[in-house]
Amino acid sequence: MTDLGWLQKWTELVSSANTVSELCKKLVHSGVNTGNGVGSYLYLLDNRGQIVQLGGYGINPLPAEQTFATWEDNLLARCINNFGLAHEQADHQGINLHLYAIPILKGDAPLGCALFCQKEKVAEYPREANLAMGQVLGLWLNSTGLTNGFNVSPKNGEASPDSLTERQLRILEAMSLGKTNAEIAQDMILSESSIRQETVKIYRALGVGSRAEAVKRALHLGILSAKVS
């Protein structure tokens, strides 16, 4: 991708979105990724080296509730650690998909990564192009405030249970009851994407990286009553 017009189109597409789900939907249906896209997701890197799903749209073979560590061998960690495109194939309900991940950057610091799920293998862009795409995504994420509390600022990244909102406490209690994101979204009349974004904020506030750790810490802090198992 040497045509700067393509980068301008990418920048305009990203900047036109107001939410993560809207952005990812645009990335899938705009044709900017060759028209073979079936899913797009954004992940954030926290101060514990965990890669947490922020939200997305469409098909994603990677489990929504799973966090990925940067020190493990996985697609998302490879793109962040190598500051470049990572590619692998995955099966989703009998369909072979090609997964591409690029780092989301703020200068030379990784904020997370973007995942693109394709029906067919596509031509890989030069490293410089992928880095430019990642910088645009990083600027957009910063403008939304969604990176606050992650690795952008160590001071803001410290656990702060007192910052949990009433909505987040309701979600946390539902999580402790074993409810899925879909069930919580239905109960609270919200989208699953909204629940995922709130869950990321809950993890950040409690300084944890999974549901089980969040519930355990909330019980320990007295945020949840002991009667919740």
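Data overview
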| read-out | value |
| --- | --- |
| Near pairs, Cβ below 8 angstrom, 6+ apart or cross-chain, from region 135-146 (at pLDDT 85 or above) to any residue that is among the aromatic types (Phe, Trp, Tyr) | 136/10 |
| Qualifying residues in region 52-69 (those that are surrounded by 14 or more Cβ atoms within 10 Å (Cβ to Cβ), of a type in the set (S, T, N, Q) and out of contact with any His (no Cβ under 9 Å at 6 or more places or on another chain)) - the one modelled with the lowest pLDDT | 67 |
| Filtered residues of region 91-102 (kept if under 18 Å from residue 28 (Cα atoms) and either touching a residue at least 12 places away in the same chain (Cβ under 8 Å) or not assigned by TED's automatic domain parsing to the domain that holds residue 44 (or both)) | 92, 95, 97, 98, 99, 100, 101, 102 |
| Whichever residue in region 70-108 is of a type in the set (D, E, K, R) and surrounded by 15 or more Cβ atoms within 10 Å (Cβ to Cβ) and, among such residues, is modelled with the lowest pLDDT | 106 |
| Filtered residue count, region 58-113, keeping only those that are part of a strand (DSSP E or B) and within 25 Å of residue 208 (Cα to Cα) | 13 |
| Check on residue 21, among the hydroxyl-bearing types (Ser, Thr, Tyr), touching a strand residue (DSSP E or B) at 6+ places or on another chain (Cβ under 6 Å) and either surrounded by fewer than 22 Cβ atoms within 10 Å (Cβ to Cβ) or part of a helix (DSSP H, G or I) (or both) | yes |
| Which listed residue is modelled with pLDDT under 70, under 27 Å from residue 24 (Cβ atoms), under 18 Å from the mean Cα position of the chain (by Cα) and not small (Gly, Ala, Ser), from 181, 151 | 151 |
| Residue, modelled with the highest pLDDT, within region 115-134, restricted to residues that are within 15 Å of residue 8 (Cα to Cα) and not hydrophobic (A, V, I, L, M, F, W, C) | 134 |
| Residues that are assigned to a helix (DSSP H, G or I), surrounded by fewer than 15 Cβ atoms within 10 Å (Cβ to Cβ) and not small (Gly, Ala, Ser), drawn from region 176-206 | 183, 186, 187 |
| Among residues of region 79-90, those that are touching a helix residue (DSSP H, G or I) at 6+ places or on another chain (Cβ under 9 Å) and touching a residue at least 24 places away in the same chain (Cβ under 8 Å), counted | 6 |
| Filter result for residue 33 (in the same structural domain as residue 91 (by TED's automatic domain parsing), at pLDDT 85 or above and in a loop (DSSP other than H, G, I, E, B)) | no |
| Residue tally, condition more than 17 Å from residue 46 (Cα to Cα) and either within 13 Å of the chain's Cα centre (by Cα) or among the small types (Gly, Ala, Ser) (or both), over region 74-101 | 5 |
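The values are calculated or read from the model by the stated rules, or taken from the named source; none is laboratory data. Here the structure is a predicted model, which means the values were calculated and not measured. Note that we place each Cβ from the backbone using ideal geometry, even for glycine, and neighbour counts take in every protein chain shown.
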